[in-house]
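Colleague: Okay, handing you the structure first.
Each reported figure results from applying straightforward, stated rules to the coordinates on display, with no laboratory input. Because the structure is a prediction, the values reported are computed rather than measured. Ideal geometry is used to build each Cβ from the backbone, glycine not excepted, and the neighbour counts take in all protein chains shown.
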Number of protein chains: 2
Amino acid sequence: MNPLIISHLDKSFKKKQVLKDISFVLEGPHIYGLLGRNGSGKSTLFNLINNRLTPDRGQVLLDGKPVLEDDDGLEQLFLANHTTLMRKDEKGKVKKYIRLANQFYPDFDQELCEHLIRVFDLNVNTRIDKLSTGYQTIFNIILALCVPASFIFLDEPTLGLDANHREIFYKELLTTFAKRPRTFIISTHLIDELAQIMDQVILLDQGQIKLADSVENLLAHSYALTGNQEDIEAFMSNYHVIGSERIGNQFTVYIYDTKELTDLPDTIQKSPIDLQRVFIELTTTRGGLDYHEA
Amino acid sequence: MNPLIISHLDKSFKKKQVLKDISFVLEGPHIYGLLGRNGSGKSTLFNLINNRLTPDRGQVLLDGKPVLEDDDGLEQLFLANHTTLMRKDEKGKVKKYIRLANQFYPDFDQELCEHLIRVFDLNVNTRIDKLSTGYQTIFNIILALCVPASFIFLDEPTLGLDANHREIFYKELLTTFAKRPRTFIISTHLIDELAQIMDQVILLDQGQIKLADSVENLLAHSYALTGNQEDIEAFMSNYHVIGSERIGNQFTVYIYDTKELTDLPDTIQKSPIDLQRVFIELTTTRGGLDYHEA
């Protein structure tokens, strides 16, 4: 699989710059998590890459060619989001849209589609504009998993889904990924759940890429140190602190640093932290990554 | 605090019975989680209790009187859901609605309101119909935490909230609950997160109450047993099995049973399970609780 290269994208709406000089590379096959707070620009970024919006600057390249100028390239990309088929004038039934997807994509995975309709218990005779929030999401997920694209973008694929449906989604995603390796890029607010699935993280913060790394690296370089404040403050100055917390006399700092932790005093305890904690500390308005670098 | 008694509620829409003979008691002060799958009737139940819908049968009693016939009683209840203030003809700014809430409730907690506006970074000059999904939720949360009601119903208070905003919500809820104990009833799909906060669970499944218990009891009576299938099948027949799973040669059954577990063979391992797992196993279409009772 050739990589998809996102190169120097800018986008403003009216006077507000939403994305600033966004560059990164999507390799394959991987499952990427695109993480970011409400309003960080995730949906805009998905729309720009998939040619639903035009960037002010920059381009998206596949096989060295701009995707925009290349119909074969565009067919390698698929975006499922909550506006995809939810136009108010669409009143056809679910089965009609599945038939259309089949006609548009000769390699549409009809067998998987029927399986997913069954396990999610989707009524294909429901009119598309009458689906509940949860089932709109499910319908989008089903199409996304069955189209033959190489880069599949899923914007909040768990919105409105109950815990059982989320579990079905994660399992089915892993199964189809194993059978037919390709690249998924998934935005979500349920970080700890997606952490079980994704292997790569892209963190968007205030319109900029703050971090792009593997989940494995990110977790290996992130941890908590707990002890009394004096000991910790004396020790931590060499490391990149992303947050801190006090409970009673216990002082905890969160570290994200690629340097190895050496000479940790006995009075300080190191413990692992989960991805959601890393995310929260990196994206609080207090400053996140920049707080220590300043 | 007098309990709120929900007594034999029925509700149908057209031919479909959505709620069937719902009875339970809300005591105070507690934080209840109302759990249930998409379509299980959670929102309808909230609307019935709060007099936004009329039941076909049954009543809601406070201090022995039907809430419906008692203005003082109704003021003790507050429901925050996504339709509360989102009528399309409402075009005032956020601050206008906060002023109205202040006028309506003499004991509105204005100090807390200002604090929450600050920590959630809500722009009070935004028009109510222009708020994003996340900020609509935040606005509802703020009102709900500041009104002087005794029973506060929150329908999906984390919909569209990023991880940081969810963390703020959980912290602020616990803080105000400690300062001014009252009863919260919260529906959510993020069970593991709410499990840190709630102390009582009500489980709604296909329009009926399947379970009402404390979180402590529910977790004490729920666990996984892992081993080879033969050993487990020989042993488990005396216990209430809610689900099973096989990974390679490992067979796991999930148990929910108030009986004490005795004479567990060495070949079988017992391990705790989390609330989301209990929920998933109790509400799968395979049958959940009924599967074993049948």
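Colleague: Holding the Cα-Cα limit at 24 Å, pick out from A:Lys14/B:Lys91; A:Lys65/A:Lys96; A:Lys96/B:Lys42; A:Lys20/B:Lys95 the pairs that are longer than that.
Modeller: A:Lys65/A:Lys96; A:Lys96/B:Lys42; A:Lys20/B:Lys95
Colleague: Based on alpha-carbon atoms only, what is the radius of gyration of segment B:9-85 relative to the globular estimate 2.2 N^0.38 Å? Numbers along the way, then the final one.
Modeller: Numbers: Rg = 12.8 Å, N = 77, 2.2 N^0.38 = 11.5 Å.
Ratio of Cα Rg to 2.2 N^0.38 Å: 1.12.
Colleague: Please report the orientation-averaged projected area of the protein assembly as shown, defined via the convex hull of its C-alpha atoms, in nm².
Modeller: 31.1
Colleague: What Kirkwood Rh does segment B:150-289 have if only Cα atoms enter the pairwise 1/r average? Answer in Å.
Modeller: Result for segment B:150-289 stands at 17.0 Å.
Colleague: Just to verify a number: FRET efficiency for B:Met1 and A:Gln229, C-beta to C-beta distance, R0 = 45 Å, to 0.05?
Modeller: Details: r = 40 Å, r/R0 = 0.89.
The formula returns an efficiency of 0.65 here.
Colleague: I need the semi-axes of the equivalent ellipsoid of chain A: take the C-alpha gyration tensor, multiply each eigenvalue by 5, square-root it, list largest first in whole angstrom.
Modeller: Semi-axes from the Cα gyration tensor: 39, 22, 17 Å.
Colleague: Follow-up. Report, in degrees rounded to the nearest 10, the 0 to 90 angle that the Cα long axis of helix B:163-179 makes with the longest principal axis of chain B.
Modeller: The angle comes out at about 80 degrees.
Colleague: Taking R0 as 30 Å, what FRET efficiency do you get between B:Arg246 and B:Ser214 from their Cβ-Cβ distance, rounded to the nearest 0.05?
Modeller: For R0 = 30 Å, the calculated efficiency reads 0.40.
Colleague: Given H placed 1.01 Å from N in the peptide plane, which residues other than close sequence neighbours of B:Ile273 have an amide H under 5 Å from its amide H?
Modeller: Residues meeting the criterion, in which the H sits 1.01 Å from N, are B:Ala224.
Colleague: Can you list the residues, at least 5 places off or on another chain, whose amide H is less than 5 Å from the amide H of A:Lys210, using H built in the peptide plane?
Modeller: A:Leu203, A:Leu204, A:Asp205
Colleague: Starting at the first residue of segment B:227-240, write each ³J(HN,Hα) from the Karplus equation 6.51 cos²θ - 1.76 cosθ + 1.60 with θ = phi - 60°, in whole Hz, x for Gly and Pro.
Modeller: Couplings: x, 8, 4, 4, 4, 5, 5, 5, 8, 7, 4, 7, 10, 8 Hz.
Colleague: What whole-number distance in Å separates the alpha-carbon centres of segment A:179-216 and segment B:184-225?
Modeller: Measuring centre to centre over Cα atoms gives 30 Å.
Colleague: Now a separate question. Identify, among A:Asn238, A:Tyr254, A:Val278, the residue whose Cα sits farthest towards the positive end of the charge dipole of segment A:221-282, taking +1 on the Cβ of Lys and Arg and -1 on the Cβ of Asp and Glu, with the dipole about the Cα centre.
Modeller: Value: A:Val278.
Colleague: Any chance you could run the full-extension gain for B:Leu174 through B:Phe13? It's 0.36 nm times the residue separation minus the Cα-Cα distance, nm to one decimal.
Modeller: Full extension of this stretch gives 54.3 nm more.
Colleague: Inside 10 Å of the C-beta atoms of B:161-174, what's the mean count of C-beta atoms belonging to other chains? Before the final figure, lay out each step's value.
Modeller: On the way: counts 3, 12, 13, 10, 4, 4, 4, 2, 0, 0, 0, 0, 0, 0.
Taking all residues of B:161-174 together, the mean is 4.
Colleague: I've got another one for you. Ranked from highest to lowest mean number of other Cβ atoms within 10 Å per residue, what is the order of the peptides B:179-189, B:92-102?
Modeller: B:179-189, B:92-102
Colleague: Using only the Cα atoms, work out Rg/Rh for segment A:221-282, with Rh taken as the Kirkwood radius, to two decimals. Spell out each step's value before the answer.
Modeller: Details: Rg = 10.8 Å, Rh = 11.6 Å.
Reported Rg/Rh, Kirkwood definition of Rh: 0.92.
Colleague: Output the Kirkwood hydrodynamic radius of segment A:86-220, Cα pairs only, in Å rounded to one decimal. Working shown, then result.
Modeller: Values: mean 1/r = 0.0621 Å⁻¹.
One decimal place: 16.1 Å for the Kirkwood radius.
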